[in-house]
Amino acid sequence: MSRKELISKVGLRLDGRRADELRRIRCKLGVFSEPDGSAYIEQGLTKVLAAVYGPHQVRGNRLKAQADAVIINCQFSMAVFSTSERKKRPRGDRKSTELSLHLRQALIAAIEVEKYPWSQIDVYVEVLHADGGIFPACVNAATLALIDAGIPIKEYVCACTASIANNNQAMVDISHEEEILGGPTLTIVALPMSEKIVLMEMSQRFHLDHLKSVLEKALEGCKNTKNILDQAVQNHIVDVGASTGWASTGEKVKR
Amino acid sequence: MPVDHKRINGPENTIPYKLYTKLNVKSFKEALQDAVKNGVRNDKRKLDEHRRIFMKTDIVSQAKGSAYIEIGNTKVVVSVFDPREIPNKNEYSLNGELYCEFKFAPFSCPKRRLHQQDAEEKQNSIVMKQALEPAVCRHEFPNFQVDVYALVLENDGSALSAAITCAGLALAQAGIPMFDIITSVTIGIQGDLKLLDPMLHEETLCYTSINKNSKTGKNSHGIVILSLLNTHQQVTEFYQVGSLDIDDIEECTKVLTEANKVVVPLVEKCLAKHVIKGVKESSQ
Amino acid sequence: MTLSEAEKTFILHGVQENFRIDGRNRDDYRPMELETSIITHAFGSARLRLANTDVVVTVKVEIDVPFPDRPLEGKMEFFIDCSANATPDFEGRGGENLATEISNTLTAAYSSNSVFDYTKLCILKGRKCWKIYVDILILECGGNLYDAISIAVKAALWNTSIPLVKSVTIDGNNVDMNVSENLSDCIKLDISAAPLMVTLCKIGDHCVVDPTSAEEQCSQGAIVVAISKGKFSTVFQTGGGSLHPLTLMEKLKLGAKVGNRLEEALSEALSKIKENGEMGFLN
């Protein structure tokens, strides 16, 4: 194959990671005060902001309201400066509409929708910097924002990408460079604790035999992401709790 | 307004031929000297003199109220339509709204205008809305919107002012309750020159600074549009672009308030004429 | 957020007493945080947080053909993106009206050649010029958007470096350019005269600077002035309401004063900005 090898002989990828390593994830909850919940996440160089409004009364067409479930409204948008080539418009193109739908599907699986009949929850994500794995970053950011908003979810919903390198080796969390160098990309959104897959999408092709290993890698990536997010949430709770004096408990919290 | 995607707009990149004719190779200073000689302008006006103004009401039969104005060569038609419910709005709004649309006809300017509103026209629509809203008793029609459409047939400078004055007249003719007659006047500034009611070529001269690098000359330049409710002495919109200092602005404001006073009787006369005509017709 | 009549009266009385709801005087600003170079894909960027208002401004330059009637000048375009993160009202095309209003205002404020020298952007007369795209992303609206955006735009332009064109050769109809590969060979923009906007919000008989969104709701109209080196580059009224000519002049004078003060504060802040400090949304 003429294309550059995605994993070198010593087992390192283009950016120096090993096949099963995620990029560095850094995140923060409660970035903004206006929305009910907000979060910021960095996965490698990919940067995403998410905001959650609601639950509130159904906006716009009241007929949309459902008696048994809350309406989840998602909008995916990419800042015009997020890619190296300037984008013409931030949203409204086919790709953003598709990603909005996918995001909605992923979140419906996690949110306890039956808790809020006749209401609506808005989830908005804004990509500030795109460097591969935009959609997984959006899902993870949206999860954190939902938690910050205090909306009950069944469990963390996490997303991760995986691919296959050198025709046989599965690798996790694909960067933009690896995306454009070729190779198929499998994106999954999963509920990592119950090991359920919510959404799965693949571009290009590989042999069916590889599917198992790639899928396992991606699922493992989701689990690892979940642990990182969980840690961030715990830290956030400690921060917020400590600043309010933990109300009545009076316990000292160690960090 | 939904954008019309089906209309074929003609070739996108065309250039008016005037750019290539020899007449155009004039430096800015020469152009300025041509425009004003010894305090007299091209059309033999003094610096602080209006062009001749002609106004007429009731010229678009489909509209509730309409008016036509000519200021020199600048010609504008404004039509005002019946109040209607504000589209796509759920909450109750205590005050009615004005929807303004300012449009240059495709043939109105030296360069052909497209059918879609461009940035300048959108900005002018916003300025127009701000200028008109305080003049209208908006509490009289809550939850309703009045549509005001201004179409510039020929642009020879001060088109926005003409549109605002004309819209005031059209609103009054349409029987929309108003606090006062609204008028608007433009002034152009270039260095020490202050040109009231500028023509198109004078406006162009005012957009850029000529004495930019010389330290001696005054490098103020710009356009000021002032809309005034004359009886109440209330400025509804003060719009300026360019680069002016506070003294320039103070002087312009004085000149413009005086200049607005001159326009008011013309609007009044036109309205009175309309009323007399109406009374005559109903008595017959 | 809608306010009740009682809340509005409370704010109004506060303004009359020169003691606003957050403890400020009538001509005080809220605290600001300014960061530059936060977006790596851009040639220059800045993020400004003015209490609850949060905007990110990035600058990208591309090569374009000059306008035929102004062959010696480059171009500048402002694009505003009202993110739905700021308020659900901006979802879909909801923020477009606000966006056009702000971009038109910025275009007007930057239109004069004594405010920004467009001839510096020309590469080859009538053939090649730089086009500056100023993209503004509104992430949170806590009132006073105009001021916040104008400060962030100025900071982003200050932060911008344009690649150096070493030589231009014409071969028939083709223009070949040799752009310097060396990253340190850059041209900085001259932004000393770039305007800063000041919104003066009329509440009762007084006007306040830097209104919060609650105060904006109580206002009977505002006037926005763009000040460049002590001169007015754009003035317009907004938000309904009208003024007596004398009140107008008073406000303009106040606007100029505040604008100059803001200018000083900004240039001081820009001179103190350090590179590679801890930045971004994580802190």
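The values are calculated or read from the model by the stated rules, or taken from the named source; none is laboratory data. All figures in this text were calculated on a predicted structure; none of them were measured in a lab. No Cβ is skipped: glycine too gets one built from the backbone with ideal geometry, and neighbour counts run over all protein chains shown.
Every residue, every condition in (1) under 29 Å from C:Gln220 (Cβ atoms); (2) modelled with pLDDT of 90 or more; (3) assigned to a loop (DSSP other than H, G, I, E, B), yes or no:
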site: C:Val153; (1), (2), (3): yes, yes, no
site: C:Trp158; (1), (2), (3): no, yes, no
site: C:Thr169; (1), (2), (3): no, no, no
site: C:Val175; (1), (2), (3): no, no, no
site: C:Leu183; (1), (2), (3): no, no, yes
site: C:Leu200; (1), (2), (3): yes, yes, no
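Checked against (1) crowded, with 23+ Cβ neighbours inside 10 Å; (2) at pLDDT 95 or above, B:Gly188 passes all but a single condition, namely (2).
Would you confirm whether any residue within segment B:261-273 is within 13 Å of chain C (Cβ to nearest Cβ), part of a strand (DSSP E or B) and of a type outside the set (Asp, Glu)? Reasoning before the result, please.
From segment B:261-273, those within 13 Å of chain C (Cβ to nearest Cβ) are B:261; that's our starting set.
Still in the list and also part of a strand (DSSP E or B): none.
No, the conditions are met nowhere in segment B:261-273.
The set of residues in segment C:79-114 that are assigned to a helix (DSSP H, G or I) and polar (S, T, N, Q) comprises C:Asn97, C:Thr100, C:Ser103, C:Asn104, C:Thr105, C:Thr107. Scanning segment C:1-23 for residues that are touching a residue at least 24 places away in the same chain (Cβ under 8 Å) and of a type in the set (D, E, K, R) yields a total of 4.
For segment A:93-131, the candidate set comprises residues that are of a type in the set (A, V, I, L, M) and assigned to a strand (DSSP E or B); within that set, the residue that is nearest to A:Gly54 (Cα to Cα) is A:Ile121. In segment C:33-52, the residues that are among the charged types (D, E, K, R) form Cβ pairs under 6 Å with partners that are part of a loop (DSSP other than H, G, I, E, B), at six or more places apart or across chains, as follows: C:Glu35/C:Met279; C:Arg47/C:Ile38. Restricted to segment A:66-92, and to residues there that are more than 10 Å from chain C (Cβ to nearest Cβ) and outside any strand (DSSP E or B), the residue that is nearest to A:Tyr124 (Cα to Cα) is A:Val70.
Of all residues in segment C:258-276, none are buried (at least 17 other Cβ atoms within 10 Å of the Cβ), farther than 30 Å from A:Leu29 by Cα, within 13 Å of another protein chain (Cβ to nearest Cβ) and in contact with a helix residue (DSSP H, G or I) (Cβ under 8 Å, 6 or more places away or on another chain).
Residues being more than 10 Å from every other protein chain (Cβ to nearest Cβ) and in contact with a Lys or Arg (Cβ under 7 Å, 6 or more places away or on another chain) are represented in segment A:58-65 by at least one member.
Would you be able to tell me the number of residues in segment C:67-78 that are assigned to a loop (DSSP other than H, G, I, E, B) and acidic (Asp, Glu)?
The first filter runs over segment C:67-78 and keeps only residues assigned to a loop (DSSP other than H, G, I, E, B), leaving C:67-74.
Pick out the ones that are also acidic (Asp, Glu) and you get C:69, C:73.
Number of matching residues: 2.
List pairs: first residue in segment B:212-225 and within 11 Å of chain C (Cβ to nearest Cβ) and over 15 Å from B:Lys194 (Cβ atoms), second residue surrounded by fewer than 24 Cβ atoms within 10 Å (Cβ to Cβ) and at pLDDT 60 or above anywhere in the structure, Cβ distance under 7 angstrom, at least six positions apart or on different chains. Sorted first by the residue in segment B:212-225, then by its partner, the pairs are B:Lys212/B:Asn219; B:Lys212/C:Asn113; B:Lys212/C:Ser114. Consider segment C:255-274 and keep the residues that are assigned to a helix (DSSP H, G or I) and among the charged types (D, E, K, R). The one that is farthest from C:Cys207 (Cα to Cα) is C:Lys272.
Of everything listed in (1) within 14 Å of another protein chain (Cβ to nearest Cβ); (2) at pLDDT 95 or above, the single unmet condition for A:Ser119 is (2). Of everything in segment C:48-70 that is among the β-branched types (Val, Ile, Thr) and within 24 Å of the chain's Cα centre (by Cα), the residue that is nearest to the other protein chains (Cβ to nearest Cβ) is C:Thr58. When the residues of segment A:7-43 are filtered to those that are within 12 Å of chain C (Cβ to nearest Cβ) and assigned to a loop (DSSP other than H, G, I, E, B), which remaining residue is nearest to the chain's Cα centre (by Cα)? Only one residue fits best here, namely A:Arg24. Please go through segment C:222-253 and pick out each residue that is more than 7 Å from every other protein chain (Cβ to nearest Cβ), closer than 24 Å to C:Phe116 by Cα and in a helix (DSSP H, G or I). Correct list: empty. Looking only at segment A:153-178, residues that are touching a Ser or Thr at 6+ places or on another chain (Cβ under 6 Å) and surrounded by fewer than 19 Cβ atoms within 10 Å (Cβ to Cβ) come to 0 in all.
Only one entry in B:Pro106, B:Pro110, B:Pro134, B:Pro142 is at pLDDT below 95, outside any strand (DSSP E or B) and in contact with a strand residue (DSSP E or B) (Cβ under 8 Å, 6 or more places away or on another chain), namely B:Pro134. Filtered by the rule that a residue be exposed (fewer than 13 other Cβ atoms within 10 Å of the Cβ) and assigned to a loop (DSSP other than H, G, I, E, B), segment B:65-103 gives B:Pro87, B:Asn88, B:Lys89, B:Asn90, B:Glu91, B:Tyr92, B:Leu94.
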